[in-house]
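Everything below concerns the one structure shown next.
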Protein chains: 2
Amino acid sequence: MSKDFYSAVKDRRSIYGISKEAVTSDEKILDILHHAVKYAPSAFNSQSGRAVLLLGDQHNKLWDITKEALRKIVPPESFGSTEEKINSFRNGYGSILFFEDQSVVEGLQSQFPLYKDNFPVWSQHSSGMLQYIVWTSLEIEGFGSSLQHYNPLIDEEVKREWKLPDKWKLIAQMPFGKITAPAQEKDFKPLEERVKMFKQ
Amino acid sequence: MSKDFYSAVKDRRSIYGISKEAVTSDEKILDILHHAVKYAPSAFNSQSGRAVLLLGDQHNKLWDITKEALRKIVPPESFGSTEEKINSFRNGYGSILFFEDQSVVEGLQSQFPLYKDNFPVWSQHSSGMLQYIVWTSLEIEGFGSSLQHYNPLIDEEVKREWKLPDKWKLIAQMPFGKITAPAQEKDFKPLEERVKMFKQ
């Protein structure tokens, strides 16, 4: 699918009503993920971003892991709503896990000690950019998705389950699926309070 | 101007050779900044991102401030190359300053203490997304730009010069201008090392 950049920016939303129905091929999903990972910018072109695409039972497993991790810490009387929320993500077609490879970040820190404290922050910026590109790409292809953060609660089990390198730090999770309910109305703060121009 | 999202993602680059020539109207620049700030996602729709557009002498002033701040800390024998670099940004048509409003972040922290440590991180993700949208939009309009980080060195003077709220935290600076030299070739790591798929 193809879409004008500005329209894609405008139309990307957090979509919570998703189902297991496919709206495009798995190859297409992997293609857009490859495109996003390849072209997302990173400090000093360090390419620290990593992504894992989970489909089918693998996707279900992610949310089962999350549910069981939450069961251990959420009071039983409020676990019902927690479970319902996790099930709504599990209802999706797949999930994308976003990581930043800390071996890359640490490599930059030892190579450029002057910016030591900055590289972890820039790595977070770069991850945000990557998440954004994937999110918007999924929207263009017709999938609804949202950004979730059950890290660091699920980090160890995720790494163990999919045998991921120890230096991959989990940053965010993005469940996606066919849209079953549209996004709600969104409120916008006045732009005059957020953007200033100085010109002379 | 209009451009397909995937092409825009592919074509966005760091451009260091920029001049003071306009390639679009100032109103158009402000429009794309408004569009980006309005539609960039933020945790809990908190809309913590802030942006300042500096044009003409105001843009020059930013880089003069940066140069003088650097003169105080860079050894005199290496200041020549520092000055040259800063002048290359000053050679541009304008600059965009990206901030995150800490009063918004702190408000979320007191409202949702459970996620206290997460909000500053999510605010950085959101800023990265905003920077990315603006960067790509400038590219679509024909401007070259790059992302610079002279914060926190210039924070106090920037706030004083443009009388910005004390809670606006400077995150990044983006000089832009007419492209006078193309981006260099970019190396890409193998995608097999960066993206994994699990499906069954």
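The values are calculated or read from the model by the stated rules, or taken from the named source; none is laboratory data. Remember, it's a predicted structure, so these values are computed and weren't measured experimentally. Note: ideal-geometry Cβ built from the backbone for every residue, glycine included; neighbour counts use all protein chains shown.
Candidates in the range B:131-146 are the residues that are touching a helix residue (DSSP H, G or I) at 6+ places or on another chain (Cβ under 6 Å) and either part of a loop (DSSP other than H, G, I, E, B) or within 9 Å of chain A (Cβ to nearest Cβ) (or both); of these, the one that is nearest to A:V9 (Cα to Cα) is B:I133.
If the requirement is being at the interface with chain A (Cβ under 7 Å from one of its Cβ atoms) and within 30 Å of B:N118 (Cβ to Cβ), which of these qualifies: B:F44, B:F5?
B:F5
Checking each residue in the range B:175-199 for being in a strand (DSSP E or B) and either modelled with pLDDT under 95 or more than 19 Å from the chain's Cα centre (by Cα) (or both) picks out B:T180, B:A181, B:V195, B:K196, B:M197, B:F198. Here's a check for you: in the range B:163-174, which residue that is part of a strand (DSSP E or B) and not aromatic (F, W, Y) is surrounded by the fewest Cβ atoms within 10 Å (Cβ to Cβ)? This residue is B:K169.
Being at the interface with chain A (Cβ under 8 Å from one of its Cβ atoms) and without any contact (Cβ under 8 Å) to a residue 40 or more places away in the chain is a condition met by no residue of the range B:96-113. Restricting the range B:147-185 to residues that are more than 12 Å from every other protein chain (Cβ to nearest Cβ) and of a type in the set (D, E), the residue that is farthest from B:V105 (Cα to Cα) is B:E157. For beta carbons closer than 9 Å, sequence separation of 6+ or different chains, a first residue in the range A:178-200 that is closer than 30 Å to A:G56 by Cβ and a second that is among the acidic types (D, E), the qualifying pairs are A:K178/A:E21; A:T180/A:E21. Restricting attention to the range B:147-162 and to residues that are outside any helix (DSSP H, G or I) and not aromatic (F, W, Y), the residue that is surrounded by the fewest Cβ atoms within 10 Å (Cβ to Cβ) turns out to be B:P152.
Restricted to the range B:50-69, and to residues that are more than 9 Å from every other protein chain (Cβ to nearest Cβ) and aliphatic (A, V, I, L, M), which residue is nearest to B:S127 (Cα to Cα)? The extreme case among them is B:L62.
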